[in-house]
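*Asks:* Let me begin by handing over the structure; questions about it come next.
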Amino acid sequence: MKSQVESLLQEAKGVLAGAASVDDVEAVRVNFLGKKCKLSALLKGVSTLSAEEKPLAGKVVNEAKQALEA
């Protein structure tokens with residue numbers, strides 16, 4: 001899961017770097033932080049992990065979300 005989150009974070013940063021307008025930035029926000037975004041799907045997947053993996057996976061996803069919100 002960590003590699004998926006890191007890949008998603010890199011993808012978001014790349015798309016954001018290419019944003020030319022406020023509308024482009026908003027589209028990136030919706031695609032990567034909205035209700036039906038890939039990050040939310042990964043966060044929902046945390047519930048299927050073992051008890052040992054859940055804390056680390058949740059932490060990784062939340063850190064990625066905070067990085068994108070900054």
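*Asks:* How tilted is helix 54-69 with respect to the longest principal axis of the chain? Cα atoms for both, answer in degrees (0 to 90, nearest 10).
*Replies:* Roughly 10 degrees, rounded to the nearest 10.
*Asks:* When only Cα pairs under 8 Å and 6 or more residues apart are kept, what is the percent relative contact order across the chain?
*Replies:* Computed value for the chain: 40 percent relative contact order.
*Asks:* Now for a different question. Give me the mean projected area, in nm² to one decimal, of the convex hull enclosing the Cα positions of the chain.
*Replies:* The directionally averaged projection comes out at 4.4 nm².
*Asks:* Can you tell me the FRET efficiency between GLU53 and LEU33 if r is taken as the Cβ-Cβ distance and R0 is 25 Å, rounded to the nearest 0.05?
*Replies:* Once the sixth-power term is evaluated, E becomes 0.60.
*Asks:* Pick out, in residue order, every one of the trypsin sites (Lys or Arg not before Pro) in the stretch 22-70 that is DSSP loop and has at most 13 other C-beta atoms within 10 Å; say none if there are none.
*Replies:* Sites meeting the loop and neighbour criteria: LYS35, LYS36.
*Asks:* Continuing with the same structure: Per residue, how much accessible surface does the chain expose to a 1.4 Å probe? Answer in Å², no decimals.
*Replies:* Here the residues of the chain average 70 Å² of exposed surface.
*Asks:* Still on this structure, I have one more. Roughly speaking, what is the stretch gain from LYS13 to GLU63, that is 0.36 nm per residue apart minus the C-alpha to C-alpha distance, in nm to one decimal?
*Replies:* 16.6 nm
*Asks:* Turning to a different aspect of this structure: How many percent of the accessible area of the chain is carbon or sulfur, using a 1.4 Å probe?
*Replies:* Percent of accessible area from carbon and sulfur atoms in the chain: 55.
*Asks:* May I ask for the angle, rounded to the nearest 10°, between helix 2-17 and the longest principal axis of the chain, with both axes built from Cα atoms and the value confined to 0 to 90°?
*Replies:* So the inclination is approximately 10 degrees.
*Asks:* Given only helices, namely DSSP H runs of n ≥ 4 each adding -39500 (n - 2.57), what is the per-residue ellipticity at 222 nm of the chain, to the nearest 500 deg cm²/dmol?
*Replies:* The helix contribution divided over the chain gives -23500 deg cm²/dmol.
The values are calculated or read from the model by the stated rules, or taken from the named source; none is laboratory data. Fair warning: this is a prediction, and the values are worked out from it, not measured in the lab. Heads up, the Cβs are rebuilt from the backbone with ideal geometry, glycines too, and the neighbour counts pull from every protein chain shown. Each accessible area value is taken on the protein alone, full model and side chains, heavy atoms only, with ligands, DNA and RNA left out. Shrake-Rupley method; radii C 1.70, N 1.55, O 1.52, S 1.80 Å.
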